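The values are calculated or read from the model by the stated rules, or taken from the named source; none is laboratory data. Since the model is a prediction, treat every value here as computed from it, not as a measurement. Counting neighbours? That spans all protein chains shown, and the Cβs are built from the backbone with ideal geometry, glycine included.
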Amino acid sequence: MNGSRPFLLDTNITGYIVSGRSPQARRVLDEVALHTPVLISSVTEAEILYGLEMKPGAIRLRSAVEKLFEIVEIRPWDSSAAYSYSRLRAKLRAAGKTLAHPDLMIAAHALSLDAVLISHDNAFRNVAPHLDIRDWANDV
């Protein structure tokens, strides 16, 4: 599908998968995970866990998140990601474009990992020239 490059799920795709909102994204994940690494940034992990804290009674959703976290690799946001962040943020600023900081951190993390970013979020269109972005949730 993409050679040996890993896929990095952003927060909205992760949410669509665990909530069941995008059966297509789940199907693609299940297929791709058989032969290609699927990653989640610790930034996305934090955002998903925050969402669960805001919904303490969402037992099924918490279970779905835990199951997903068992089949993907959660990668820490590290110095390499910070370096990619600084370069990407400078490029976007020079082009007069912006991106919310958590999204910018996730995009930079994908760059640092040489990963394909999986997102359904139109906000990432600002980084599309710098990053390979794909949408697995065409059914939402």
Scanning segment 63-84 for residues that are in a helix (DSSP H, G or I) and within 15 Å of the chain's Cα centre (by Cα), the one surrounded by the most Cβ atoms within 10 Å (Cβ to Cβ) turns out to be Ala81
For segment 1-37, give me each residue that is surrounded by fewer than 22 Cβ atoms within 10 Å (Cβ to Cβ), of a type outside the set (Ser, Thr, Tyr) and outside any helix (DSSP H, G or I).
Met1, Asn2, Gly3, Arg5, Pro6, Gly20, Arg21, Ala33, Leu34, His35, Pro37
Filter result (under 16 Å from Ile133 (Cβ atoms) and among the aliphatic types (A, V, I, L, M)) within segment 1-28
Met1, Leu8, Leu9, Ile13, Ala25, Val28
Residue that is modelled with the highest pLDDT, among those in segment 85-99 that are surrounded by fewer than 14 Cβ atoms within 10 Å (Cβ to Cβ) and hydroxyl-bearing (Ser, Thr, Tyr)
Ser86
Could you give me the residue pairs with C-beta distances under 6 Å whose first residue belongs to segment 70-85 and is closer than 12 Å to Thr44 by Cα, whose second residue is in a helix (DSSP H, G or I) and acidic (Asp, Glu) wherever it lies, and which are 6+ apart or on separate chains?
Ile74/Glu45
Residues in segment 102-126 that are within 18 Å of Ser80 (Cα to Cα) and either among the aromatic types (Phe, Trp, Tyr) or assigned to a helix (DSSP H, G or I) (or both) total 11
